[in-house]
Amino acid sequence: MVNNLAGRRAVVTGGTRGIGAAIVRKLSEAGATVLTTARSANATDLPPGVLFTTADVTDPDSVRRLADEATRRLGGVDILVNNAGGGAARPGGYSDIDDKTWQDILETNLLGAVRLDRALVPAMVERGSGVVVHISSSSAHVPVGALLHYSAAKGALSTYSKGLAEEVAAKGVRVNRVSPGMTETPAVAGVIADIAAATGGSRDDARATLVESIGGIPIGRTGTPDDIANLVAFLVSDEASWITGADYVIDGGMLKAS
Ligand code: NDP
């Protein structure tokens, strides 16, 4: 069986919707025992057998509790997917992004993952095995104007992820990052709905406007959460055992070489 994860114990942050929910489902289908987390306790739609606990990755105490609970309930953690993240577009230029906005975006997209890694990776290193995936963004590679703070936070996450990979590679722990382009999750569907409401056009027209605003997607469609989850399921499996420190841009060919 490809991507066989039988017996593996996984933590996925932000697994109640969008990309995280697809990752939870794929890992669970591949045989892993999965514990996932989000700020709101709307975990009723999780696949059978998936464990849930409430946590906010921007709160250091909450992250510590999550790590303790995951270790206790799963008996150890083999796979960690730092997926929770995101950020709203800010109209205006760089000088309109205030300190609070910068701090919030860094907490959500960088420091949450750093703290959870710090809590869970040492046991992987001690055991001599483990896999970490950081969900970054194609905008870490080419900044998006209205999302400059988000792009910069994901850029920092990517650099940190590469450094962590180098530090723990010889200890049997692999660390990779996945950088999605525009993927149609509830977060992006909300943006499309806002454009449709503002222009009075259809959702398809609104989607086309949004895709055009980022320069187009050569493959001709936005991504689905499953597109991203399939790659993550491969990266955490033994089939990817020689892959570490890598960054996979998965965006339908959107990113132009720079
Ligand atoms: P969604 O907003 O659809 O889902 C985000 C998930 O994370 C939810 O389960 C949410 O639950 C949880 N979450 C958000 N903030 C926190 C927090 N502070 N602590 C714990 N959980 C949290 O996002 P997407 O699926 O679109 O995005 C998932 C990841 O992919 C993010 O890191 C995002 O930056 C990245 N990405 C997405 C792209 C896209 O086009 N969709 C493109 C590039 C990257 P709750 O709100 O209840 O906490």
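The values are calculated or read from the model by the stated rules, or taken from the named source; none is laboratory data. Predicted model, so just to flag it, every value in this text is computed and none were measured. Because the Cβ atoms are built from the backbone with ideal geometry, glycine has one as well, and the counts that use them run over all protein chains shown. These area figures cover heavy atoms from the full protein model, side chains too; ligands, DNA and RNA do not enter into them. Shrake-Rupley method; radii C 1.70, N 1.55, O 1.52, S 1.80 Å.
Overview of results
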item	result
Length gained when the stretch ILE243-ALA189 is fully extended (0.36 nm per residue, less Cα-Cα span)	16.2 nm
Rounded percent of accessible protein surface that carbon and sulfur make up, region 51-107, 1.4 Å probe	48
Region 1-121, dipole about Cα centre (Lys/Arg Cβ +1, Asp/Glu Cβ -1), debye to the nearest 20	460
Dipole magnitude of the chain, debye to nearest 20 (Cβ charges: Lys/Arg +1, Asp/Glu -1, about Cα centre)	480
Area of ASP104 that stays accessible when all protein chains are in place (1.4 Å probe, Å², to 10)	70
Alpha carbon centroid spacing (whole Å) that separates region 199-258 from region 15-78	23
Mean separation of Cα contacts under 8 Å, 6 or more apart, over the residue count of the chain: relative contact order %	21
Approximate spin-label separation ASP59-ALA88, in nm, with each point projected 7 Å along Cα-to-Cβ	2.0
Relative contact order of region 156-228, defined on C-alpha pairs under 8 angstrom at six or more residues apart (%)	29
Largest to smallest principal axis extent of the C-alpha atoms in region 68-116, angstrom	48, 15, 12
Region 41-192, relative contact order [Cα under 8 Å, separation at least 6], %	24
Order of exposure, largest accessible area first, which applies to PHE234, PHE52 with probe 1.4 Å	PHE234, PHE52
Total formal charge among the other residues, if their Cβ is under 13 angstrom from that of MET124, Lys/Arg +1 and Asp/Glu -1	+2
Debye intensity ratio I(q)/I(0), log10, region 73-228, q values 0.14, 0.19 Å⁻¹ (C-alpha model)	-0.78, -1.18
Accessible area, probe 1.4 Å, largest first, for residues THR199, THR37, THR16	THR199, THR16, THR37
For the chain, accessible area per residue (1.4 Å probe, heavy atoms of protein chains only), Å²	47
Where HIS141, HIS134 fall by accessible area, highest first, once all protein chains stay in place (1.4 Å)	HIS141, HIS134
Helix-only CD estimate at 222 nm, as mean residue ellipticity for the chain, using -39500 (n - 2.57) per DSSP H run (n ≥ 4)	-13500 deg cm²/dmol
Two-site FRET efficiency, GLU126 against THR159, from Cβ-Cβ distance with R₀ of 35 Å, rounded to 0.05	0.85
Dipole-positive endmost among ASN82, HIS141, VAL121 within the chain (Cβ charges, Cα centre)	VAL121
Nearest-10 value in Å² for the accessible area of SER202, using the 1.4 Å probe	50
Residue among ALA153, PRO180, TYR248 farthest towards the positive dipole end of region 153-258, charges placed on Cβ	ALA153
Kyte-Doolittle mean at least 0.0 and Cα axial length at least 20 Å: DSSP H helices in the chain	112-127
